[in-house]
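This report refers to the structure that appears directly beneath it.
The values are calculated or read from the model by the stated rules, or taken from the named source; none is laboratory data. Please read all numbers here as calculations on a predicted model, not as lab measurements. Here the Cβ positions follow ideal geometry from the backbone for every residue, glycine too, while neighbour counts run over all protein chains shown. Protein only, heavy atoms only, side chains kept; ligands, DNA and RNA dropped before computing areas. Shrake-Rupley method; radii C 1.70, N 1.55, O 1.52, S 1.80 Å.
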Amino acid sequence: MLETRNLDKSFGAVHVTRRVSLKLERGERRVILGPNGAGKTTLFNQLVGELTPDSGRVHLAGEDVTALPVAKRARQGLSRSYQKNTLFDGLTVEENLGLAAAIYTGNATRIWSDSLGKAEVREIVRDVANQVDLMPFLHAKVSEISYGVRRQLEVGVALATRPLVLLMDEPTSGVGPEMAKGFHDLLNNLPRDLTLLIIEHDMDLAFDVADTITVLNYGEVVFDGLPDAARGSDLLKEIYLGSWEDA
Amino acid sequence: MFRHTPLRYAALVLLASAALFQAFTAQYFGLEILTEILILAMLVLALDMVAGFGGMVSLCHGALMGVGAYGYAVLSTTAGLTPPVAMGAAVAITAGLSWIIGAICSRSHGIYFIMATLAFGQMAYSYVFEAPIFGGDDGLGGIERLDLSVVGIDLNDTRTFALFCLVALAAMYGLAVVILRSGLGRSFSGVMHNEQRMRALGLTVWRVKADVFGLSGMIAGVAGVLAAQHIMYISPGLMAWTVSGEALVVVILGGLGTLVGPLVGAAVFVVLKHELSSLTTHWHLIVGVILIGVVMSRANGIFGFIEDFVAARSKSANTNPKAREGTKDA
Ligand SMILES: Nc1ncnc2c1ncn2[C@@H]1O[C@H](COP(=O)(O)OP(=O)(O)OP(=O)(O)O)[C@@H](O)[C@H]1O
Ligand SMILES: [Mg+2]
């Protein structure tokens, strides 16, 4: 469903992505682990097209999308949420989801009709609000909801484009362990055919949702396999727990 | 996205009543001022659409209005088209041109966007200034107004023409509201707030900007056609960048992104101009001081100030009376 081949990226002398090759099957749920600065977000930026890799290819649903601009990739089914909330602050939760759903349904460029009034848009908004537990907040403005709920909305907006592949950059960053656990339950209830790639800082939480695990360190894939193997890996403990304890 | 609040409805009713009152009671000079206000209001409405709701601070809207005016003048005189056809064509040309400008400038932001639009405006200005077909420095005269005698309306009558402009302004206001409240308008505001995210959600951002800019240019084009018919003579001064600058001043004076505010701003600006210029030749100075005052007050223009004031009043009226007594005691 999503595949990278030898992605490579440097910022000046800093080599942040080193020949990264990944392969996600349809419906696979993969968690990316790695210490701060390992290049996780930079990898996401290259997957969605916000950054151009120095070399290597990105394939989405069997098609080479490396040269496609961000919006085109998104319309082909690639969606992402951000590590730092990237919401429409003055708008309500419903309007935030509606903006995304309007793009997916082709209502975002209509001149004579309001996208939010469309049945198809409303249906997506309702579905997504149920999926990420936003029903009680639909009419609240972003500025009126708590940080944790905003994190849910951040993922909700990405989901409202009905993607084939959803990339989530630390969806639970900054929320307490209790809420993070609840959030992972929500993720577990997402449709099984949706392919998920999740950056997660907390290893235990990662094991809640992961079918497979990739570990990045200094921009390099140092582990790629099943959660059980990851749990037992000494290499991973060394890299990951080392930095975890610093943090 | 644009919302009508009770206060905005009230302001619209008040403005429309004042305009109608003026249109039916004023003498020649008063009617001329009214028409000037209505045409300026249409231009700043177009500008607020893009600047206030999409962050596209254009310094070429005056020139776009000029394109509408010159387009109509040339098509209806030199080219010999009938006024309705010339009007339609002039407005369509302005819309098309501004769509192209919007598309080209859509990638630039902030000061770069302002400069890019200014450059387009200046190109249009110097072209009109040099090209013989546009009458160069001398401008073009002998422009006719729309002939509505079939329905018994004589637009050569000053009062009737003022009313005609009022109807046209109301129609353009309605159009602007429909556009801003549409799927396109929502996306446009979404782009202003967070262009990166809209793109990541799959929106072709430049298209949305170009479309709204084109529609805004269309409204500016209508204002241009009316301006040409109003004065029945046009000169390159109409396309000078200062016209765009003045339009921006009016938008900010009235209240950026409120749609109603710029209409208020247009009325205040034109009335001030006429009142002050009869008193002193330095009226620009006084308008400047007022503008600085408005900007320094940190309110969003005159209308933004009124909105804040009303919001604060209704808030204090809503707080429970006991709490208020408490503060009084303390
Ligand atoms: N635009 C940029 N220009 C220069 N260096 C950058 C840029 N973006 C990221 N970097 C650097 O690349 C490295 C990887 O950053 P990245 O944000 O991908 O890490 P990360 O794994 O997401 O870390 P975190 O867990 O803190 O989010 C860091 O050293 C960072 O400073
Ligand atoms: Mg990161």
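If you take the alpha carbon radius of gyration of region B:186-330 and divide it by 2.2 N^0.38 Å, what ratio comes out, to two decimals? Don't jump to the answer; show the numbers that get you there.
On the way: Rg = 21.0 Å, N = 145, 2.2 N^0.38 = 14.6 Å.
It is 1.44.
Peptide A:102-110 has a mean of 6 when you count, residue by residue, the C-beta atoms of other protein chains within 10 Å of its C-beta.
Counting only C-alpha contacts under 8 Å and six or more residues apart, can you give the relative contact order of region B:6-239 as a whole percent? About 39 percent, as a whole number.
Solvent-accessible area per residue in chain B equals 45 Å², computed with a 1.4 angstrom probe and all protein chains kept.
Taken over region B:6-239, the percentage of Cα pairs per 5 Å bin, counting from 0 up to the bin with the maximum distance, is 1, 7, 14, 18, 17, 15, 13, 9, 4, 2, 0, 0. Using a Gaussian network model on chain A with a 10 Å cutoff between Cα atoms, which of A:Tyr104, A:Tyr82, A:Tyr147 fluctuates the most? Comparing A:Tyr104, A:Tyr82, A:Tyr147 in the GNM, the peak value goes to A:Tyr147. Taking the Kirkwood radius as Rh and the Cα radius of gyration as Rg, region A:85-162 has a ratio of Rg/Rh equal to 0.95.
What number, in percent, do you get for the relative contact order of chain A if the mean sequence gap of Cα pairs under 8 Å and at least 6 apart is divided by its residue count? Walk me through the intermediate numbers first.
On the way: 457 pairs, mean separation 69.0, N = 247.
Reported as a whole number, the value is 28 percent.
Shielding value for B:204-214 is 2, the average number of Cβ atoms from other chains within 10 Å of each residue's Cβ. Listed by chain and number, the lysines whose C-alpha is less than 22 Å from the C-alpha of A:Lys23, apart from same-chain residues fewer than 8 away, are A:Lys9, A:Lys40, A:Lys72. Sorted from greatest to least, the principal axis extents spanned by the alpha carbons of region A:43-135 come out as 44, 29, 23 Å. Each other residue within a Cβ distance under 15 Å of B:Ser277 adds +1 if Lys or Arg and -1 if Asp or Glu, for a net charge of -3.
Report the percentage of all Cα-Cα pairs in region B:232-318 whose separation exceeds 16 Å, rounded to a whole percent.
Working: 2250 of 3741 pairs.
In whole percent, the share of Cα-Cα pairs in region B:232-318 beyond 16 Å is 60.
Which lysines does A:Lys141 reach when only Cα atoms under 19 Å apart count, and residues fewer than 8 places away in its own chain are ignored? Here the lysines satisfying the reach criterion relative to A:Lys141 are A:Lys84, B:Lys315.
Enter the mean number of other protein chain beta carbons within 10 Å of the beta carbon of each residue in B:186-198, as an integer.
Working: counts 12, 8, 2, 5, 10, 1, 1, 6, 5, 0, 4, 13, 8.
Per-residue shielding by partner chains comes out at 6.
Here, chain A is characterised by an Rg to Rh ratio of 0.97, where Rg is the alpha-carbon radius of gyration and Rh the Kirkwood radius. Relative to one another, the C-alpha centroids of region A:185-229 and region A:30-52 are positioned 13 Å apart. When peptides B:135-148, B:64-77 are ranked by their average number of other Cβ atoms within 10 Å per residue, the highest-first order is B:64-77, B:135-148. Candidates A:Tyr104, A:His184, A:Gly39 compared by Cα position along the dipole of chain A: farthest toward the positive end lies A:Tyr104, with charges placed on Cβ.
Comparing Cα centroids, region B:108-147 and region B:50-73 end up 10 angstrom apart.
Highest average first, the peptides A:168-175, B:78-85 ordered by how many other beta carbon atoms sit within 10 Å of their residues are A:168-175, B:78-85.
Ordering of B:196-205, B:5-14, B:112-121 by packing is B:196-205, B:112-121, B:5-14, highest average first (other Cβ atoms within 10 Å, averaged per residue). Could you tell me how many degrees, from 0 to 90 and to the nearest 10, lie between the Cα long axis of helix B:301-318 and the main elongation axis, the longest principal axis, of the Cα atoms of chain B? The angle comes out near 30 degrees. For the protein assembly as shown, the Stokes-Einstein estimate of translational diffusion at 4 °C and a viscosity of 1.567 mPa s comes to 48 µm²/s, using the Kirkwood hydrodynamic radius over alpha-carbon pairs. Within region B:199-273, the proportion of C-alpha pairs whose separation exceeds 17 Å stands at 61%. Within the listed set B:His193, B:His230, B:His282, the Gaussian network model of chain B (springs between alpha-carbon atoms below 10 Å) gives the highest mean-square fluctuation for B:His282. Given +1 at the Cβ of Lys and Arg, -1 at the Cβ of Asp and Glu and no other charges, the dipole of the protein assembly as shown around its Cα centre is 420 debye to the nearest 20. Annotation: amide H-H contacts under 5 Å for A:Ile198 (H modelled 1.01 Å from N, sequence separation of 5 or more, or interchain): A:Arg30, A:Val31, A:Ile32, A:Met168.
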